[in-house]
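Every number in this text was worked out from the coordinates using simple rules, so none of it is lab data. All values derive from a computational prediction rather than experimental measurement. Neighbour counts are summed over all protein chains in view; Cβ atoms, including those assigned to glycine, are modelled from backbone coordinates with ideal geometry.
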Amino acid sequence: MQGLPAFATELLQESPWPVAHYVLIIAEIGIKHNGDVEIAKRLIDMAKQSGCDAVKFQKRTIDQVYTKELLDSPRESPWGTTQRAQKEGLEFGRAEYDEIDAYCREVGIDWFASAWDLESQKFLSKYDL
């Protein structure tokens, strides 16, 4: 079937809907990296060693996803005393995602991220995901 990813071309059935023979195992990293690329790499390594096919991150534009009131509200974290400081501390930017992209290619695992907003979706479209 044209247009399906390579892992989904061997089908158990085509009708009434296509069902792939292969199951894609995805490790959800999300923001568990705590804003640290080295932790992200260790999580990628663990996913690869565990037999996962891909790792998944999250990408969001803080000011679009959250209200100013929430961002200004108090929250103690290693990054500061507000919700904004905590959320900004967890968010990866271009340099970090470039490093993740290169590292995943090096170790041979796919990666992608769930975009929480349109700006994040545009950001992620710069990668071959």
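The value of relative contact order for segment 51-98, using C-alpha pairs under 8 Å at least six residues apart, is 26 percent. Projecting the Cα atoms of A47, G89, Y66 onto the charge dipole of segment 28-124 (Cβ charges, centred on the Cα centre) puts Y66 farthest toward the positive pole.
Each of R84, R75 was scored by other Cβ atoms within 10 Å of its Cβ. Listed from fewest to most, they are R75, R84.
Indicate the gyration tensor shape class of segment 28-124 (rounded, prolate or oblate), computed on the Cα atoms with a ≥ b ≥ c the square roots of the eigenvalues: a/c under 1.5 is rounded; otherwise a/b larger than b/c is prolate and the rest oblate.
Values: a/c = 2.60, a/b = 1.76, b/c = 1.47.
Taking the square roots of the gyration eigenvalues as a ≥ b ≥ c, segment 28-124 is prolate.
Fewest-first ordering of E28, E106 by other beta carbons within 10 Å of each residue's beta carbon gives E106, E28. Couplings for segment 39-55, taken from phi via the Karplus curve 6.51 cos²θ - 1.76 cosθ + 1.60 with θ = phi - 60°, read 5, 4, 5, 5, 5, 4, 4, 5, 5, 4, 5, 7, x, 6, 8, 8, 10 Hz in order; Gly and Pro are left as x. Near the amide H of A113, within less than 5 Å, lie the amide hydrogens of F57, all on another chain or at least 5 residues away, with H placed in the peptide plane.
Between V19 and L124, what FRET efficiency comes out of the Förster formula 1/(1 + (r/R0)^6) with R0 = 41 Å and r the beta carbon distance, rounded to 0.05? It would help to have the intermediate numbers written out before the result.
Details: r = 28 Å, r/R0 = 0.67.
So the FRET efficiency works out to roughly 0.90.
Cβ crowding within 10 Å ranks T67, T61 as T67, T61, fewest other Cβ atoms first.
Straight-line cross-link reach from K122 at under 16 Å between alpha-carbon atoms covers these lysines, not counting any fewer than eight positions away in the same chain: K59.
With only Lys, Arg, Asp and Glu charged, each at its Cβ (+1 for the first two, -1 for the last two), find how big the charge dipole of the chain is about the Cα centre; round to the nearest 20 debye.
On the way: 15 positive and 22 negative charges, 36 e Å.
Roughly 180 debye for the chain.
With a ≥ b ≥ c the root eigenvalues of the C-alpha gyration tensor of segment 30-74, is it rounded (a/c under 1.5), prolate (a/b larger than b/c) or oblate?
On the way: a/c = 4.34, a/b = 2.64, b/c = 1.64.
Here segment 30-74 falls in the prolate category.
Using Cα pairs closer than 8 Å and at least 6 residues apart in sequence, work out the relative contact order for the chain, in percent. With pairs under 8 Å counted, the relative contact order is 24 percent. Comparing A115, A95, A40 in a Gaussian network model of the chain, where Cα atoms under 10 Å apart are tied by springs, the biggest mean-square fluctuation is seen for A95. Charge tally for R60 (other residues, Cβ to Cβ under 14 Å; Lys, Arg +1; Asp, Glu -1): -1.
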